[in-house]
Amino acid sequence: MMKRRALLIILFLLPAMAGFSQISIRIFARTRPVSLFFTADRGSFLLRDGVAGEVRLNPGDIMAVSMHHERLIYRTLSGTSGAADSLTFTPAAAGALFSLSAPGSEEPQKILEGTLKIKPFPGSLQILNITTVENCLPGVVRAEAGKFGPSDYFKAQAVVARTYIYRNIDRHELDGYNLCDDIHCQVYPGVVNDSVIVNACRSTAGKVITDRDSLLIEAAFHGNCGGETASSADVWLAGYPYLVSVKDPWCSYSESSVWKRNISREEWNNFLRSKGITPGDEGGLYAGQVTGRGRIIRRTAQGRTVTSEEIRIRFGLRSAFFTLTPAGDSIAVSGRGYGHGVGLCQDGAKHMAEKKMTYDRITGFYYPGTLLVDIKNARKPARP
Ligand SMILES: [Zn+2]
Ligand SMILES: [Zn+2]
């Protein structure tokens, strides 16, 4: 009885996910520009500067925003200008779109919807886009999954990306927003209109992947597993019951499935020395054609060790799933797959979808023992 009560209390304390459909994303988080152009593309926007009231920006209107002594200066081509501590651009009606570009920055222009808030931040602008999970999802899916593929492939990627977003929704809580648009969180290129991707997101709206305890899973994915996915415990420190090695017959069609590289003996010997291994003593590193990847340790007869991941990073290999064979003046590397190998294999998922398998079968295959549920019935794991 006590046990059940304790469990109920824990369930009650874990954050409910339902209220989180609105999110704020920091835009241009990697390059952090100090000035910006805002263009009203479709529909009008109302700018509030917290001082003078409202400025209306109609389609085609461009506003320049820059920082001056920790304040914001704004100016339109028609001469409207002002200074403020913060700026908020609100769409006058649903469906409005605006674009942002950062002059002198390598960031490509982004088309966005929703509300935009700009504040001066030490050394740069803090640019926040307030939108919804469902509205930003197609952009995230396209950045992760590419442009081309069957519908159920994108549906699988949509539930994976949605699961990731909800699981990480408080990642920047201390910074005052939810996620950034950089690889640190999830690359967000802005609004996209690829119809297969948009429809895949809409038709799976609200669906996420959970474990048997209704907890959002760690929805890892990668390019190609090389015929066998990796267990997260072998690649990272953390093991999860749904991130276990799965034999994958679906990705071998892809060019990424098998690869070869030669490392010159000189480069290899330099690497060995950097690990405290005397060239000539490394025999055990090749023994048994070790195929384990990630943190799996390769050991010399003298007890020195290197991991597959260390070799991958040093030589820029496509994955840490390979065998090493000394071959005269070089080391022949015979590898499989692309990426870390944990979770959903994108090449395999695409092929399963081409063979008319539905997205729920795809996610069930790569994340064994998981369920697809509505976000209302999912919970976020407590932070470690
Ligand atoms: Zn981030
Ligand atoms: Zn695969």
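The values are calculated or read from the model by the stated rules, or taken from the named source; none is laboratory data. Model, not experiment: these values are computed from the prediction. Counting neighbours? That spans all protein chains shown, and the Cβs are built from the backbone with ideal geometry, glycine included. These accessible areas exclude ligands, DNA and RNA; they are computed on the full protein's heavy atoms, side chains included. Shrake-Rupley method; radii C 1.70, N 1.55, O 1.52, S 1.80 Å.
Of note:
- Just one of the listed residues (V34, V65, V141, V55) is touching a helix residue (DSSP H, G or I) at 6+ places or on another chain (Cβ under 6 Å) and either crowded, with 17+ Cβ neighbours inside 10 Å or within 30 Å of Q157 (Cα to Cα) (or both), namely V141.
- Scanning the range 153-202 for residues that are more than 16 Å from R30 (Cα to Cα), within 16 Å of ligand 1 (Cβ to nearest atom) and touching a Gly at 6+ places or on another chain (Cβ under 7 Å) yields a total of 0.
- Candidates G149, G223, G227, filtered to the one that is within 16 Å of ligand 2 (Cβ to nearest atom) and out of contact with any helix residue (DSSP H, G or I) (no Cβ under 6 Å at 6 or more places or on another chain): G227
- Across the range 205-230, the number of residues qualifying as assigned to a loop (DSSP other than H, G, I, E, B) and within 19 Å of the chain's Cα centre (by Cα) comes to 9.
- Checked against (1) closer than 30 Å to K350 by Cβ; (2) among the hydrophobic types (A, V, I, L, M, F, W, C); (3) surrounded by fewer than 16 Cβ atoms within 10 Å (Cβ to Cβ), A83 meets all criteria but (1).
So that you can scan it fast, the table gives a plain yes or no per residue for (1) modelled with pLDDT of 85 or more; (2) touching a Gly at 6+ places or on another chain (Cβ under 8 Å); (3) closer than 26 Å to P368 by Cβ:
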{"site": "A287", "(1), (2), (3)": "no, no, no"}
{"site": "G294", "(1), (2), (3)": "no, yes, yes"}
{"site": "T305", "(1), (2), (3)": "no, no, no"}
{"site": "I311", "(1), (2), (3)": "yes, no, no"}
{"site": "G341", "(1), (2), (3)": "yes, yes, yes"}
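- Residue count for the range 233-256, restricted to those that are modelled with pLDDT under 90 and within 16 Å of ligand 2 (Cβ to nearest atom): 5
- Test: residue in the range 345-361 that is farther than 30 Å from F271 by Cβ and of a type in the set (V, I, T): yes
- Conditions (1) open to solvent by 50 Å² or more (accessible area, probe 1.4 Å); (2) within 16 Å of ligand 1 (Cβ to nearest atom); number of the one not met by R261: (2)
- Candidate set from the range 314-339 (those that are among the hydrophobic types (A, V, I, L, M, F, W, C) and at pLDDT 90 or above); member that is surrounded by the most Cβ atoms within 10 Å (Cβ to Cβ): I331
- Only residues that are under 15 Å from G369 (Cβ atoms) and either among the small types (G, A, S) or open to solvent by 40 Å² or more (accessible area, probe 1.4 Å) (or both) were counted in the range 196-214, giving 3.
- Counted residues, the range 163-183 - those being in contact with a Cys (Cβ under 7 Å, 6 or more places away or on another chain) and crowded, with 21+ Cβ neighbours inside 10 Å: 1
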